[in-house]
Amino acid sequence: MNTLTKILIVLLTLSSIFLCGIVVTYVANADNYRQKYNDLRADKDSLSKKVEDFTKQVNEKIEQKRQLEDKLNSEITSLKGEIGELQTNLDNAEREKAALLQKVNSWTSITKDFYQTTDKQGQLLKNTLDELNKVQAEQIRQRKELNETTATLVEKMAIIETLESENKRILEEKAELQKRLDEFLQPVGKIAAEPVPVTPREDIARPAVPGARDIALQGLVTAVDLKNSIASISIGTADGVKEGMRFHVTRGDEFLCDILIIDVDTEEAVGVLELVQQQPKVGDNVSTNL
Amino acid sequence: MSPDGQSRGVKAATSNNLYTIILALAFFAVLATVALVAYKCYTQYGTILKIP
């Protein structure tokens, strides 16, 4: 074996060992591309599945969006219809409002005229009430005068009755005297001449028969409630007081008011104040006749 | 045959054996490398020569 062969053997050996070392190092450190491929494929599959899921979700969302859009479009359409109807109602309401405002204005003027008329009527009523009070006061005064006249008339009637009895007695005496005179003159054939009275005969006034008799109840005011315009008096059913009777309240010769009896007890009666000229007090006189 | 000739024959035989051992070492190194590469290819790709 020559020297060149030896050198080639040594170089071949060294290069083989060197290359084998490089190959071993490379292979030992090489990546497992199959595993990576499988991993990447699995990732791709999962991602594809996710993409499909997301696509399905997107499609569902798109479908839901389309349905929602259709629903909203239908609602918008119906709302537009309602808006049109409400606009029509609003127009009608505006017209009704204008008509009602016109009515309100007319009624306001009517009410104002009514108030003015009411004020005038109230003034007239007040004047009428004043006149009524005056007339009632005049009536009371005239009633008082009538009572006085009636009392005077009764007195005159008593006098007339006395005079009639006297006249009757005189006529009886006249008849007796005429009888005696006739008895005295008839035997001598004479009769008594018709006497001529010195005083000429006058028609006899006939007194009117009183239509009613005054019961003349009298009492005192025992309590006064000016707030409710009622008063109580000291006589009741035991004295002949009845519901509906009217008592006159006087203080001395002054007329104060009337009491219309509304409730009667045995020894007491309660009535409403009427024709109040002055405020009555406890102790004022009450009577059915003035 | 002389002693020198014998001596030279022994030395040549020893030298040839040495280079044979060196060649065998290179061969086994290459063989081990091939075996390792084949094992790696089979374990990782399931085949040795065919492209998966």
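Do the conditions hold for B:A29, that is, is it at pLDDT 90 or above, small (G, A, S) and in contact with a helix residue (DSSP H, G or I) (Cβ under 6 Å, 6 or more places away or on another chain)? Taking the combined requirement at face value, the residue satisfies it. Please specify each residue of the stretch A:238-256 satisfying the condition of being under 17 Å from A:V282 (Cα atoms) and part of a strand (DSSP E or B). If the condition is that a residue be under 17 Å from A:V282 (Cα atoms) and part of a strand (DSSP E or B), then A:F247, A:H248, A:V249, A:T250, A:R251, A:E254, A:F255, A:L256 are the ones that fit. Within the stretch A:119-133, can one find any residue that is polar (S, T, N, Q), in a helix (DSSP H, G or I) and touching a residue at least 24 places away in the same chain (Cβ under 8 Å)? Checked against the condition, which is being polar (S, T, N, Q), in a helix (DSSP H, G or I) and touching a residue at least 24 places away in the same chain (Cβ under 8 Å), the stretch A:119-133 yields at least one hit.
Out of curiosity, is A:K126 more than 30 Å from A:S287 (Cβ to Cβ) and out of contact with any Cys (no Cβ under 7 Å at 6 or more places or on another chain)? Taking the combined requirement at face value, the residue satisfies it. Scanning the stretch A:80-131 for residues that are closer than 30 Å to A:V249 by Cβ and over 30 Å from the mean Cα position of the chain (by Cα) turns up just one, A:E131. Within the stretch A:9-39, the set of residues being more than 7 Å from chain B (Cβ to nearest Cβ), surrounded by 12 or more Cβ atoms within 10 Å (Cβ to Cβ) and modelled with pLDDT of 90 or more comprises A:L14, A:L19, A:G21. Could you please let me know if A:I235 is assigned to a strand (DSSP E or B) and either over 36 Å from the mean Cα position of the chain (by Cα) or surrounded by 14 or more Cβ atoms within 10 Å (Cβ to Cβ) (or both)? When the stated conditions are applied, A:I235 does not pass them. When the stretch A:209-229 is limited to residues that are surrounded by 11 or more Cβ atoms within 10 Å (Cβ to Cβ) and aliphatic (A, V, I, L, M), the one that is modelled with the lowest pLDDT turns out to be A:I215. Looking only at the stretch A:133-156, residues that are small (G, A, S) and surrounded by 13 or more Cβ atoms within 10 Å (Cβ to Cβ) come to 1 in all. Here A:V270 clears all of (1) over 32 Å from the mean Cα position of the chain (by Cα); (2) of a type in the set (A, V, I, L, M, F, W, C); (3) modelled with pLDDT of 90 or more; (4) surrounded by 15 or more Cβ atoms within 10 Å (Cβ to Cβ) except the condition numbered (1). Working only within the stretch A:40-56, note down all residues that are basic (K, R) and more than 13 Å from chain B (Cβ to nearest Cβ). Selection gives A:K44, A:K49, A:K50, A:K56.
The values are calculated or read from the model by the stated rules, or taken from the named source; none is laboratory data. On a predicted model such as this, the values are computed, not experimentally measured, just so you know. In this analysis, Cβ positions are derived from the backbone assuming ideal geometry, glycine residues included, and neighbour counts consider all displayed protein chains.
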